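Here's the structure we're looking at; comments come further down.
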Amino acid sequence: MDDAAAIPTPDKNDENFWTTVVTPVEPAWKEPAEDDTFTMDDEVLDAARALAERISTRALAYHAAGKRFDPALMAAPDVQLALLRALYEAKRSVDRLAESAATVAGRGGASYAQLGAAWGGIKRQSARLKWPHAVTKRSASESIPLHYAGGTAVVHHDPDADAWWYTAIAADQRDEESEAVHPTSTEAIARATEFLLVHAQPTR
């Protein structure tokens, strides 16, 4: 991006970090190049192949026999059906992740027009139908629910402090309750999202 140098890049411990984080950058993205999309294809295929090998009955038979599942076996029609099933799960994952991203963006101030533009240029009305709860009109007294990275959070307004705070339970079951110190709901949402991301994977 030619004007990337004009975008502020504060460190996490800088005083103005969160103010900068919740201030939208325009444009929000650059169009992916052809190489970017090919790389994405490869990465999705790698993930789908890994799942296909875990669910393919032929692959399971090889593993049960203590034999290596040779990549050449991916040519088997039944293994390709397992791959197709895995790709369907990949599509469902994309839909879930897209809903999470749209919700965080919408609750943070993005409009349906912006969500639609990010989702391949669909119209505002289509974005509203796809993610009906992403952008909500609310009063300062209303709490804001959020689901992200396998966890949940609720952002609240404290009228006495005239500030926002949140409670969150992450995917690894860790929980956090912030102080009522965030000046805007957008900043509280960003902080809650950060917590959910840090604890996105269950501890194994």
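The values are calculated or read from the model by the stated rules, or taken from the named source; none is laboratory data. Computed from a predicted model, the values in this text were never measured in an experiment. Cβ: placed from backbone, ideal geometry, glycine included. Neighbour counts: every protein chain shown. Note: accessible area is taken over every heavy atom of the protein model, side chains too, but ligands, DNA and RNA are not part of it. Shrake-Rupley method; radii C 1.70, N 1.55, O 1.52, S 1.80 Å.
Per-structure values
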item	result
Cβ crowding within 10 Å averaged over residues, with 58-64, 145-151, 29-35, 72-78 ranked highest first	145-151, 58-64, 72-78, 29-35
Portion, in percent, of the accessible area of the chain that falls on carbon or sulfur, probe 1.4 Å	55 percent
Alpha-carbon centroid distance for the pair the range 132-204 / the range 60-98, whole angstrom	37 Å
Whole-Hz couplings from phi, Karplus 6.51/-1.76/1.60, listed for the range 54-67; x for Gly and Pro	7, 10, 5, 5, 5, 5, 4, 5, 4, 5, 5, 7, x, 10
Cut-off under 5 Å, modelled amide H: who pairs with residue 182 long-range	164
Virtual spin-label span in nm between residue 136 and residue 197, 7 Å along Cα→Cβ	2.2 nm
Accessible area expressed per residue, the range 1-59, with surrounding protein chains retained (probe 1.4 Å, Å²)	80 Å²
Whole-number D in µm² s⁻¹ for the chain, Kirkwood Cα-pair radius fed into Stokes-Einstein, 20 °C, 1.002 mPa s	107 µm²/s
Residues of the range 60-181: accessible area per residue with a 1.4 Å probe, Å²	62 Å²
Estimated 222 nm signal from helices in the chain, with DSSP H stretches of n ≥ 4 weighted -39500 (n - 2.57), rounded to 500	-14500 deg cm²/dmol
Positive-end residue, the range 113-180 charge dipole about Cα centroid, Cβ charges, pick of 122, 151, 170	122
